[in-house]
Amino acid sequence: MRTLICNIKELILATNTPVNKVQGAEMSSLPIIKDAYVIIDDEIIFDYGPMSKVPESNFDKRISAKDSFVLPTWCDSHTHLIFAATREGEFIDKIQGASYEDIAQKGGGILNSAKKLQETSEELLLESAYNRLIEVQSFGTGAIEIKSGYGLTVDAELKMLRVIQKLKNMTKMPIKASFLGAHALPLKYKKNRAGYIDLIINEMLPRIAAEGLADYIDVFCEKVAFSVAETEKLMKAGAQYGLKPKVHTNQFNCMGGIQACVAHNAISVDHLEVINDDEIACLLKSSTMATLLPSAPFFLNDNYPKARKMIDAGMAVALATDYNPGSTPSGKIPFVLSLACIKMKMLPEEAINAATVNGAYAMELSDKVGSISKGKLANLIITKPMDSLAFMPYAFGTDWIDRVIIAGQV
Ligand code: NIG
Ligand code: FE
């Protein structure tokens, strides 16, 4: 089936020489074709160009995108989409003065989510996660990474990863799975940290690998969670099963997590609300993507990552949502773009590159998504009529997405 999208005001990120990532000053430029068309052949982008060169042909379907922009769907490279229950109680506690770390230390937070998830059936988890997947698709997401980490027992971690596996079979949206057994230390292991690390390495990882349930290994490397030494041990163990690291680090403290992750060839280091000059220098010399999650400091009233400083230093940054019940109950990339521009001083073009090209890089999906290129998946956003691209992050409360196309299907 051939679909023509015609009269597009501006076609964003259309390129037949797609790059795997954009960094530094390059982040502020976007390939754009004005007054353009795109042809979709079944699931794939078949052709695109200016309207003056649109081919005479019989199309099965025609969509007019007059006065509208067309861009690739978002690549949300960091989410915790599988969870059993929301956590509004802690939201109130935080309003009344408790910090995220206070809540975690009292057995709330991640442990609270883990208890509920352990008690919830795989079927119910799948149903709620699928609903969230449909929700984020309506916000323009067309590729997503999903983590485990609310299981924290062998059975419950496997249950989460099986849910992700099932989701992969229910959608044409590319999905990557990260195993985050080291998200929080279960209460049972409070006096036996090494015992929990051993459980992850000797029992969880071999079974996950045998069933092929994960693409990456993640660790919450932070004072309230796991040390750099523990993170390194887990990255080494993951590597034995072919799982590359994508790691939560530098959310609250600079502890050497970035350097350790770079040394282990991490695909990405995520959060980076705090970062020092040595860590920026280390990332500049690496192939590791810096993934920023500004919805988390928004929700936690915390400091935002210094995106401007990172990009000005020449780094590449990706933007993702961190959708989870504790620090970010939102899977809305358009809001992330607004925060990136308003709170982190990124330009609209930089934010769009970060949420598409660089997000795809952070999931190793650059060959399939992240730009409008011949042969890539036809995962596209058609906007409502708007004057300029900057309207997207500017109008932070407007639903400016008209249609989302996933693998050629509107
Ligand atoms: O990325 N920081 C660690 N993990 C999640 C939050 C988890 C939770 O609070 O449930 C995050 O922000
Ligand atoms: Fe996270």
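Across the range 323-342, what is the number of residues that are closer than 14 Å to D399 by Cβ and not in a loop (DSSP other than H, G, I, E, B)?
Qualifying residue count for the region: 5.
Mind counting the residues in the range 231-242 that are closer than 24 Å to E273 by Cα and in contact with a strand residue (DSSP E or B) (Cβ under 7 Å, 6 or more places away or on another chain)?
Looking only at that region, the number is 3.
Please enumerate the residues belonging to the range 222-234 that are more than 13 Å from ligand 2 (Cβ to nearest atom) and either surrounded by 24 or more Cβ atoms within 10 Å (Cβ to Cβ) or part of a loop (DSSP other than H, G, I, E, B) (or both).
Selection gives K223, V224, F226, S227, T231, L234.
Exactly one condition in (1) free of Cβ contacts under 8 Å to residues at least 40 places away in the same chain; (2) open to solvent by 10 Å² or more (accessible area, probe 1.4 Å); (3) more than 18 Å from D93 (Cβ to Cβ) is not met by A313; state its number.
(1)
Sort out which residues of the range 385-410 are open to solvent by 80 Å² or more (accessible area, probe 1.4 Å), modelled with pLDDT of 95 or more and part of a loop (DSSP other than H, G, I, E, B), and write them in order of number.
Of everything in the range 385-410, those that are open to solvent by 80 Å² or more (accessible area, probe 1.4 Å), modelled with pLDDT of 95 or more and part of a loop (DSSP other than H, G, I, E, B) turn out to be P385, D387, F396, D399.
Checking the conditions here, which among C261, C254, C282 is surrounded by 24 or more Cβ atoms within 10 Å (Cβ to Cβ) and of a type outside the set (D, E)?
The unique qualifying residue is C261.
Right, F91: of a type in the set (A, V, I, L, M, F, W, C) and more than 28 Å from M363 (Cβ to Cβ) or not?
yes
Among the residues of the range 350-369, count how many are surrounded by 21 or more Cβ atoms within 10 Å (Cβ to Cβ) and either outside any loop (DSSP other than H, G, I, E, B) or without any contact (Cβ under 8 Å) to a residue 60 or more places away in the chain (or both).
Number satisfying all stated conditions: 11.
Output the number of the condition that L337 fails; it satisfies all remaining conditions of (1) outside the structural domain of F396 (by TED's automatic domain parsing); (2) open to solvent by 20 Å² or more (accessible area, probe 1.4 Å); (3) of a type in the set (A, V, I, L, M, F, W, C).
Failed condition: (2).
Between A355, A307, A320, A290, which is at pLDDT 95 or above, of a type in the set (A, V, I, L, M) and within 12 Å of ligand 1 (Cβ to nearest atom)?
From the options A355, A307, A320, A290, the qualifying one is A320.
Only one of (1) in contact (Cβ under 8 Å) with a residue 12 or more places away in the chain; (2) in the same structural domain as A156 (by TED's automatic domain parsing); (3) of a type outside the set (D, E) is not met by S52, so which one is it?
(2)
Conditions tested, residue by residue: (1) under 21 Å from the mean Cα position of the chain (by Cα); (2) part of a helix (DSSP H, G or I).
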{"site": "V163", "(1), (2)": "yes, yes"}
{"site": "L167", "(1), (2)": "yes, yes"}
{"site": "K191", "(1), (2)": "no, no"}
{"site": "R207", "(1), (2)": "no, yes"}
{"site": "F220", "(1), (2)": "yes, no"}
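If you take the residues of the range 118-156 that are hydroxyl-bearing (S, T, Y) and open to solvent by 10 Å² or more (accessible area, probe 1.4 Å), which of them is nearest to K384 (Cα to Cα)?
S138
What's the number of the only condition in (1) without any contact (Cβ under 8 Å) to a residue 40 or more places away in the chain; (2) within 26 Å of W74 (Cβ to Cβ) that H183 fails to meet?
(1)
Just for the range 16-48: of the residues that are touching an Asp or Glu at 6+ places or on another chain (Cβ under 6 Å) and open to solvent by less than 40 Å² (accessible area, probe 1.4 Å), which one is farthest from M310 (Cα to Cα)?
Applying the filter and picking the extreme gives I39.
Any chance the range 301-323 includes a residue that's within 16 Å of ligand 2 (Cβ to nearest atom) and in contact with a His (Cβ under 6 Å, 6 or more places away or on another chain)?
yes
How many of the residues in the range 87-134 are within 15 Å of ligand 1 (Cβ to nearest atom), hydroxyl-bearing (S, T, Y) and either farther than 21 Å from A177 by Cα or in contact with a helix residue (DSSP H, G or I) (Cβ under 7 Å, 6 or more places away or on another chain) (or both)?
2
The values are calculated or read from the model by the stated rules, or taken from the named source; none is laboratory data. Being a predicted model, the structure only gives us computed values, none of them experimental. Note that we place each Cβ from the backbone using ideal geometry, even for glycine, and neighbour counts take in every protein chain shown. The accessibility values were calculated without ligands, DNA or RNA, using every heavy atom of the protein model including side chains. Shrake-Rupley method; radii C 1.70, N 1.55, O 1.52, S 1.80 Å.
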